[in-house]
Amino acid sequence: MKKLRAVAVGIGYFSRFQYEAWSRLDEVELTAICGRDLGRTKAFAANYGVPNAYIDVNEMLEQEKPDFIDIITPPETHLEFCRLAAQKGVHSICQKPIAPTFEEAEKIAALTTEYGVRIMVHENFRFQPWHREIKKLLNQNIIGDQLLALQWRMRMGDGWQEDAYMNRQPYFREMKQLLMYETGVHLIDVLRYFGGDINQVLAKLKRFNTNIKGEDTALVLCDFSKGGTAIIDAGRYHESTCSNPRLTFGEVRIEGNRGVIHLLEDGTITIKRLGQPETVHPYTFEDKNFAGDCVYATQKHFIEQLQSGAPFETDVHDYLTNIKIIDKIYESNKKNLPQQINS
């Protein structure tokens, strides 16, 4: 099968994981990278064996004539880059958050109809191997056929310092909406992956580090349409006791009507059926690239679905619901009241 021609824009912190993953996908030929500084972009491209470098996305699209573009830039640039690509009939895989507002996200989604292109959100948490394994177990009704409660406890420990986030992602310090907008959207997507539609949220958001502008701690209660409740207890201020809090990004406990699935921070999954002892569930994963190689899995899914024509799991149209839920979380915190998602 002919390789898909790809280009990418963005050379920030996280882009290295995506470029490394593209280099392992035989179906893809990454021909060019675009960045704001040509010298730095050339050096970045050379490091990943990419032949061409640009500082203008439109010129790159014109010259390279790719099948798709990987957009790895801040959310305020996504609408412009997705539109430029769509106007040239180029598909997109675009980083989250997909846009700074729900209105802009809707405009990005509308491009697919207007120009006949496809857009997938690079939402990699649901592609982490432990989450894929848990989803299999839930589909097999290992802990029953009804989800009762889900708890996600996350402590990142990279946000308590005076110079919080400076080493990796310094722009976090200036974001007026931080934890739920930037990180929590991952968790919301996984909750929907596990439990289906969310119809109501109640949130309490706090900022512990006064050197940043946005919230760094959140307690969010989510009600699933199919029954059951989820609690997000997340923070980037306090530290985890595990050796690598960026492996699973927290501990997850899922209670069904016949038992419990427990994800530990080292990737271990245990199962406790009612009336039976807890056991470790055997499965394998590789601790490589980022969070169990989930970037590679995400990009592989994009390529497979693009080639087959099958739906993306994180198609931009479906992903609009995640953005709506995040907006309702901030509204709930502001009003100190639960918020219906579809109201």
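Applying the selection to the range 215-232, what residues are assigned to a loop (DSSP other than H, G, I, E, B) and surrounded by fewer than 20 Cβ atoms within 10 Å (Cβ to Cβ)? Break it down stepwise before answering.
Initial filter on the range 215-232 (assigned to a loop (DSSP other than H, G, I, E, B)): 215-216, 225-228.
Those that are assigned to a loop (DSSP other than H, G, I, E, B) and surrounded by fewer than 20 Cβ atoms within 10 Å (Cβ to Cβ): Ser225, Lys226, Gly227.
Give the residues of the range 196-214 that are of a type in the set (D, E, K, R) and in a strand (DSSP E or B), sorted by residue number. Walk me through how you get there before you give the answer.
Initial filter on the range 196-214 (of a type in the set (D, E, K, R)): 197, 204, 206-207, 213.
Residues satisfying the conditions are Lys204, Lys206.
Check Ile142, Ile134 and return the single one that is at pLDDT 95 or above, at negative phi, over 19 Å from the mean Cα position of the chain (by Cα) and not acidic (Asp, Glu). Walk me through how you get there before you give the answer.
Working: Ile134 fails: over 19 Å from the mean Cα position of the chain (by Cα).
Matching residue, one of Ile142, Ile134: Ile142.
Is it the case that Glu162 is acidic (Asp, Glu) and over 26 Å from Arg16 (Cα atoms)? Don't jump to the end; show me each part of the working.
Values: acidic (Asp, Glu): yes; over 26 Å from Arg16 (Cα atoms): yes.
Yes; evaluated as a whole, the condition is true for this residue.
Scan Asn333, Asn322, Asn289, Asn342 and give me the residue that is surrounded by 22 or more Cβ atoms within 10 Å (Cβ to Cβ), among the polar types (S, T, N, Q) and either in the same structural domain as Trp130 (by TED's automatic domain parsing) or in contact (Cβ under 8 Å) with a residue 60 or more places away in the chain (or both).
Numbers: Asn333 fails: surrounded by 22 or more Cβ atoms within 10 Å (Cβ to Cβ); Asn289 fails: surrounded by 22 or more Cβ atoms within 10 Å (Cβ to Cβ); Asn342 fails: surrounded by 22 or more Cβ atoms within 10 Å (Cβ to Cβ).
Answer to the selection: Asn322.
Which one is surrounded by the most Cβ atoms within 10 Å (Cβ to Cβ) among residues in the range 151-193 that are over 22 Å from Ser332 (Cα atoms) and in contact with a helix residue (DSSP H, G or I) (Cβ under 6 Å, 6 or more places away or on another chain)?
The residue in question is Tyr165.
Answer yes or no as to whether Phe312 is within 20 Å of Arg155 (Cβ to Cβ), modelled with pLDDT of 95 or more and either of a type outside the set (Gly, Ala, Ser) or assigned to a strand (DSSP E or B) (or both).
Details: within 20 Å of Arg155 (Cβ to Cβ): no; modelled with pLDDT of 95 or more: yes; either of a type outside the set (Gly, Ala, Ser) or assigned to a strand (DSSP E or B) (or both): yes.
Taking the combined requirement at face value, the residue does not satisfy it.
Tell me, please, whether a residue that is surrounded by 22 or more Cβ atoms within 10 Å (Cβ to Cβ) and either touching a Lys or Arg at 6+ places or on another chain (Cβ under 8 Å) or among the small types (Gly, Ala, Ser) (or both) can be found in the range 45-58.
yes
Please specify each residue of the range 1-26 satisfying the condition of being assigned to a strand (DSSP E or B) and more than 14 Å from Ala53 (Cβ to Cβ). Please lay out each step first, then the result.
The initial filter retains those residues of the range 1-26 that are assigned to a strand (DSSP E or B), namely 4-9.
Leu4, Arg5, Ala6, listed by residue number.
Give just the number: which of (1) more than 19 Å from Asn199 (Cα to Cα); (2) in a loop (DSSP other than H, G, I, E, B) does Val260 not satisfy?
The one condition Val260 does not meet is (2).
Considering only residues that are assigned to a loop (DSSP other than H, G, I, E, B) and either among the small types (Gly, Ala, Ser) or under 20 Å from Ala234 (Cα atoms) (or both), which ones fall in the range 143-161? Lay out the reasoning, then the answer.
Filtering the range 143-161 for residues assigned to a loop (DSSP other than H, G, I, E, B) gives 143-146, 156-161.
Within the range 143-161, Gly144, Met156, Gly157, Asp158, Gly159, Trp160, Gln161 meet the criteria.
Within the group Tyr193, Tyr181, Tyr165, which residue is hydroxyl-bearing (Ser, Thr, Tyr), assigned to a loop (DSSP other than H, G, I, E, B) and assigned by TED's automatic domain parsing to the domain that holds Asn333? Outline the logic, then answer.
Working: Tyr193 fails: assigned to a loop (DSSP other than H, G, I, E, B); Tyr181 fails: assigned to a loop (DSSP other than H, G, I, E, B).
When all the criteria are applied, what remains is Tyr165.
Inside the range 85-115, can you point out the residues that are over 19 Å from Asp67 (Cα atoms), crowded, with 21+ Cβ neighbours inside 10 Å and hydrophobic (A, V, I, L, M, F, W, C)? I'd like the intermediate steps shown before the answer.
Initial filter on the range 85-115 (over 19 Å from Asp67 (Cα atoms)): 96-107, 110.
Filter once more, so that each one left must be crowded, with 21+ Cβ neighbours inside 10 Å: 96-99, 105.
Correct list: Ile98, Ala99, Ala105.
If I ask for residues that are part of a loop (DSSP other than H, G, I, E, B) and of a type outside the set (Ser, Thr, Tyr), which ones from the range 263-280 would you list? Show your work before the answer.
So the first thing to find is which residues in the range 263-280 are part of a loop (DSSP other than H, G, I, E, B), and the list is 264-268, 274-278.
The answer is Leu264, Glu265, Asp266, Gly267, Leu274, Gly275, Gln276, Pro277, Glu278.
The values are calculated or read from the model by the stated rules, or taken from the named source; none is laboratory data. The structure presented is a predicted model; accordingly, all values stated were derived computationally and were not measured. Note that each Cβ is placed from the backbone with ideal geometry, even for glycine, and that neighbours are counted across all protein chains shown.
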